[in-house]
Each structure stands twice: as C-alpha cells, then as structure tokens.
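Undergrad: Mind looking over this structure? Questions follow.
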C-alpha cells in the first residue's frame, strides 16, 4: 500500500484481482470506528441464531487435570469466546463421569490407602490419593469401622466430590468456568439410558446377539457394531454416550460440539454413526474436534514428573512454573491438530522472544503512552484530522487493524483460536515499527499538533484491538509490565 496526494492505493497485478484506491481520510477513520466501538470491535453476527453445546476437558474425577486436558481447557474456552463473539449462543459443558469401573477403582484405592494397605494393582498412584483419603477420614473418622463394601461407597461418594471440587477450582483459577457440569450418574438415575435405547429401537437400529444388545453402527460408517447392554445386563460406556447425546439434543441445542484428545480418534466414526442411528444428520448436529499431545520441555529435556501426581504433569504444575497467561497463550498458539512442545524456559522469559510477553508488552506500551499524554496535559482531540495518517507505517498499522474482524470470524468458523494469537503477534510487530518511525508525543516544550492527536487516536485503536484479541484467548492485557 502507498500514499500519494492524500490517496491510499493498493495496486495488485494479475487476473482476478481489483486495484483498490481509498481516500486516506477514509482509511484513517478506522481509528475512530475502533475507539468508539471499544470492546465490541471485532465482534460479528455470522453465527447469530446458532445454539451450540461445547463440551471440553471432561476429565474423569480420579485425579488432577493433566496436561492434555489443560490444552483443551485453554482451546475450548477460547473457542467458546470466539463463537460468542460471532453471535452464537454457547453453553460450555463438562461431562462429569461419576459412574463406571474407573470410579470404583478410585474408591477402592482410597479405601486401601486409608487402611494403610498397598495401592491395588489397578489403582491410582500419587500423593494426591493420600490427600483425598485423609480428607475423607477427617470428615468421617469412624469410616474404617465399616465393612469394606460400605467403606468403598463412602470413599466413592466423598472422594469423587472432593476430587471434582479440586478440578473445578483449578480450572476456575485458570480462567475456565463451565455453564453446566453434567453428571453421568444422573443419566442412570433418571433412566435416560433406557429412553435412549427405546429411541434407537424405534429407529430400527438395535438388534440382539449372543445375549447382548447391539447398535448397528456399521450401517453408518463405523468399523464394527457397538454393544449397548452386555450379556450380563450391564450398560456399556457407549450406551451412556448415546443417552448423553440425546439429552443434549432434547435440551434444544442445534449442534453438539465435542473436543476429544488424540487417544480418542476412534470415537469419530462411532459417534457420527450413533447420531445417524437417532435419525440426525451428523454433518448438521454433531461436530468432533481432535487435539494432539502436549510435551513440556525444560533445559532441553522432557518434563515428565509431577510432585503431586506421580508421572503425570498437571494443570497446577504448568501454572506454577510459567503462570496462567503464558500457559493459556502457549496452549492456544498452535493448531490443536499439531503436537506441541512447550519450552518452559522460553515462556518464563520477559523478552520479545516470548510470544505472550511480546503481545502484552505492546499493550502495556500503548497504555503507558496514553498515561504520558495525560501527564503532558494532552487529551485526544474529539474531532481529529485522521486524514493525516498517511505515513507508510501508519497505513500499515491501519491495514492490520482493519483485518481484526475478519480474523475473528475465520478463527470461529475454522475452530482455530491460534489464528488470533498469530494475528496479535503480527499486529504487535506492526505497531512497534510504527512507533519507531512515527513520533506520537511532542518533545520537550513543543505543543501538540494535529498529527499528535491523530496518532493518539491510532495508538488507542491499536491498544483496543490488542486488548480485545487477548480477551478472546482468555489472556490478560496488562497496562504496566
């Protein structure tokens, strides 16, 4: 883009392209648009009318939130913010698996540890087990006088309650709060599995073989049919998945969006087939997002140990080392389809090679600029001559600011929060180049001029866009660093 005679021009050669010529005053007017819109700038209506259920994390309450689930916490919350910024109604939901064999193993582990016996071979290890067992005993000191089966039930009920409270609190401290915490046990107690089975039978997709009840998912792209009720009469996990999907649809959600880790790739076809068995079109009502693994690196070596959870790195470990802002930014900065290595040494640095510091510093520098202007007694002119913003660096910065709504819309449509992070880093670089080339505040006793006021508007517009972008990622925009 170049400027001549007050006209900003874009000359793009080649077939299928248009040459765009804008009056510099029109381009400069974007600064006023952004400042007047404030926190609303970048928001759109492309998804207006959509009612989405976004399920993410949903880690079993048998231990602290591990690093893989932490990635989904950061990405899922950022995605929810982006979808809402584009007009969708979004319900953040955590599926609380408080039924099944893993919970029974957890309860038995607590019982054995509380009784001073070794952890069962199939049990859970880590100091957090000792902490939970001790907390249950503190609540009910007489529990060990009960028969083992009654002890197990108490440890199941109270241990799960304590563990999930910790999960919920650690996520909240990370800035992730869910609208709904859905208990799997409720599906059983309300007999929703039976209701789901009836619906599937009515659709003609259920059959019996070898004493078990099956869902004919191979007719709809699955690699094998799935058991709903085992030959011993027990419900399967998949039966609960079916009931849970039906429950969401009956709550009125247009689309169910589920985020799954890399080890759940095989779930895609079975869940799509399940939706079809209910009579839905999975292309319309179901969306499954997959995430890859996260590795932590320090001093060039993998970080594998947690002081509290044995051989699993958990949310508290990451936040303790690099802070919540850096952790969130590091986890959303890359496509979730990409395996990432988080270099802990990099993300604690207060230097420009730390991406979150680079962006936050640009915002803090802009906030400082506004404070310095106030100290000099300079207030932004209410009616600035924004056509004066025609320096190459000013035009570059205005062009970058104008891209923000498009980036936000694309990031929501493509389920790609990392696009916002990349944009913010690029914008911060564009701003720094502007600042190095274009003096904003007068020197010494020089008076403020019309270009001073125009550049103050441009600077405030840049600060607003950086703040809005960081907010979409759930990262703070500090005014001092």
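The values are calculated or read from the model by the stated rules, or taken from the named source; none is laboratory data. Since this is a predicted model, take the numbers as computed values, not measurements. We place every Cβ from the backbone using ideal geometry, glycine too, and count neighbours over all the protein chains shown.
Undergrad: Quick check on my filter: what residues within segment 211-232 are exposed (fewer than 14 other Cβ atoms within 10 Å of the Cβ) and in a helix (DSSP H, G or I)?
TA: Within segment 211-232, 219 is the sole residue that qualifies.
Undergrad: Name the single residue that is nearest to the chain's Cα centre (by Cα) among those in segment 233-249 being part of a helix (DSSP H, G or I) and over 15 Å from residue 186 (Cα atoms).
TA: Initial filter on segment 233-249 (part of a helix (DSSP H, G or I)): 237-249.
The next check asks that each one be over 15 Å from residue 186 (Cα atoms); those that pass are 238, 249.
Numbers: 238: 26, 249: 23 Å.
Ranking the candidates gives 249 first.
Undergrad: Out of all the residues in segment 169-185, which are more than 30 Å from residue 326 (Cβ to Cβ) and at pLDDT below 95? Let's see the steps before the verdict.
TA: Taking segment 169-185 and keeping what is more than 30 Å from residue 326 (Cβ to Cβ), we get 182-185.
If the condition is that a residue be more than 30 Å from residue 326 (Cβ to Cβ) and at pLDDT below 95, then 183, 184, 185 are the ones that fit.
Undergrad: Identify, from the list 396, 325, 341, the residue that is touching a residue at least 12 places away in the same chain (Cβ under 8 Å), farther than 27 Å from residue 434 by Cβ and not in a loop (DSSP other than H, G, I, E, B).
TA: Residue meeting the stated conditions: 341.
Undergrad: Which one of these does residue 158 not meet: (1) at pLDDT below 95; (2) buried (at least 19 other Cβ atoms within 10 Å of the Cβ)?
TA: It is condition (1) that residue 158 fails.
Undergrad: Give just the number: which of (1) out of contact with any helix residue (DSSP H, G or I) (no Cβ under 6 Å at 6 or more places or on another chain); (2) at pLDDT 90 or above; (3) not in a helix (DSSP H, G or I) does residue 92 not satisfy?
TA: For residue 92, the failing item is (1).
Undergrad: Looking at (1) at pLDDT below 95; (2) touching a strand residue (DSSP E or B) at 6+ places or on another chain (Cβ under 7 Å); (3) not in a helix (DSSP H, G or I), which one does residue 18 not meet, given that it meets all the others?
TA: Only one criterion is unmet by residue 18, namely (2).
Undergrad: Still on this model: Give the residues of segment 106-124 that are surrounded by fewer than 16 Cβ atoms within 10 Å (Cβ to Cβ) and either in a helix (DSSP H, G or I) or touching a residue at least 24 places away in the same chain (Cβ under 8 Å) (or both), sorted by residue number.
TA: Across segment 106-124, the qualifying residue is only 115.
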